[in-house]
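Student: Next up is a structure, given as structure tokens.
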Amino acid sequence: WRSPDVLWPLDYGNPSAETAAARSAAALVDWGPFDKLIVQGLGMAGALSRAGVEFAPGKVTHASVSGTKLQVWGVAPDEAILLYSPTVKLPDFTNASGVALVNVSSARSVLNLVGPDSRGVLGELCPVDLRPDAVADLQVVHAPVANVRVTLARQDTGQAPAFTILVPRDYAAYLWEAVLRTGAPFGLVPAGNHVMGGI
């Protein structure tokens with residue numbers, strides 16, 4: 001485990017094989033303890049901008065808060081999902097006019113599918129065209145994966161294609177198993193977070 005109170009696996013028994021699979025085939029990672037905050041409303045873009053956080057509808061942007069990286073998913077013109085470490089103290093958006101906040105940390109899980117065959121695995125599970133010319137790097141789409149409605153972002157890692165999947169927590173275990181089962185012929189393996197820095 002990452003720590004006694006953060007129960008995400010560092011690896012699944014063979015870190016070098018997991019990294020090799022991410023480089024040559026595909027790896028599926030439960031990305032761990034991110035907090036997730038929905039920021040929405042007509043004043044949302046302005047509130048984020050005043051806090052120094054860039055927002056772009058349909059895109060993932062990155063910011064730094066308290067020296068820690070923050071992901072901003074522009075899921076709609078008036079809605080963003082912020083993904084950040086639980087140790088980050090976010091700016092206070094509560095006084096911003098026209099802004100509503102919903103903490104969905106316990107409602108959504110974050111999975112990462114990475115590797116040259118990740119697009120092929122998703123192609124078996126998702127009817128949306130995920131080719132590079134259809135979904136650009138850092139683009140956000142809403143799509144069914146294994147019949148579960150998810151928010152999906154292409155976030156390539158180095159030279160490897162990668163997709164981050166925000167899934168309702170009630171369906172996360174089902175989706176994990178469905179992706180692993182479907183990806184087995186592609187060489188997909190479960191992997192710990194370490195693979196994200198090793199490719």
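The values are calculated or read from the model by the stated rules, or taken from the named source; none is laboratory data. Only a predicted model underlies this, so the values are computations on that prediction, with no experimental measurement involved. Cβ: placed from backbone, ideal geometry, glycine included. Neighbour counts: every protein chain shown. Ligands, DNA and RNA are stripped out before the accessible areas are found, and what is left, the full protein with its side chains, is counted by its heavy atoms. Shrake-Rupley method; radii C 1.70, N 1.55, O 1.52, S 1.80 Å.
Student: Consider segment 172-188. How many of its residues are β-branched (Val, Ile, Thr) and crowded, with 19+ Cβ neighbours inside 10 Å?
Tutor: Result for segment 172-188: 1.
Student: A follow-up question, please. Take PRO57 and tell me if it is open to solvent by 40 Å² or more (accessible area, probe 1.4 Å), in contact with a helix residue (DSSP H, G or I) (Cβ under 7 Å, 6 or more places away or on another chain) and of a type outside the set (Asp, Glu).
Tutor: No: the conditions fail for PRO57.
Student: Let me ask you something else. Filter segment 124-147 for residues that are among the acidic types (Asp, Glu) and farther than 22 Å from ALA173 by Cβ and give the result.
Tutor: Within segment 124-147, ASP129, ASP133, ASP137 qualify.
Student: In segment 39-54, what residues are within 15 Å of THR94 (Cα to Cα) and either modelled with pLDDT of 95 or more or surrounded by 13 or more Cβ atoms within 10 Å (Cβ to Cβ) (or both)?
Tutor: VAL39, GLN40, GLY41, GLY43, MET44, ALA45, GLY46, ALA47, LEU48, ALA51 - these are the residues of segment 39-54 that are within 15 Å of THR94 (Cα to Cα) and either modelled with pLDDT of 95 or more or surrounded by 13 or more Cβ atoms within 10 Å (Cβ to Cβ) (or both).
Student: Going through VAL189, VAL167, VAL150, VAL140 one at a time, which residue ends up being part of a strand (DSSP E or B), of a type in the set (Val, Ile, Thr), touching a strand residue (DSSP E or B) at 6+ places or on another chain (Cβ under 9 Å) and more than 20 Å from PHE34 (Cβ to Cβ)?
Tutor: VAL189
Student: Here's something else I'd like to know. Could you tell me whether ALA20 is open to solvent by 20 Å² or more (accessible area, probe 1.4 Å), more than 21 Å from LEU180 (Cα to Cα) and either assigned to a strand (DSSP E or B) or not aromatic (Phe, Trp, Tyr) (or both)?
Tutor: No.
Student: Would you please list the contacts, defined by Cβ atoms under 7 Å and residues six or more apart or on different chains, that run from a residue in segment 160-171 that is more than 12 Å from MET196 (Cα to Cα) and open to solvent by 10 Å² or more (accessible area, probe 1.4 Å) to a residue that is not basic (Lys, Arg) and not in a strand (DSSP E or B)?
Tutor: Between residues of segment 160-171 that are more than 12 Å from MET196 (Cα to Cα) and open to solvent by 10 Å² or more (accessible area, probe 1.4 Å) and residues that are not basic (Lys, Arg) and not in a strand (DSSP E or B), the close pairs are PRO168/ALA107; ARG169/SER106; ARG169/ALA107.
Student: Among the numbered criteria (1) out of contact with any strand residue (DSSP E or B) (no Cβ under 7 Å at 6 or more places or on another chain); (2) buried (at least 17 other Cβ atoms within 10 Å of the Cβ), which single criterion is violated by GLY98?
Tutor: Unmet condition: (2).
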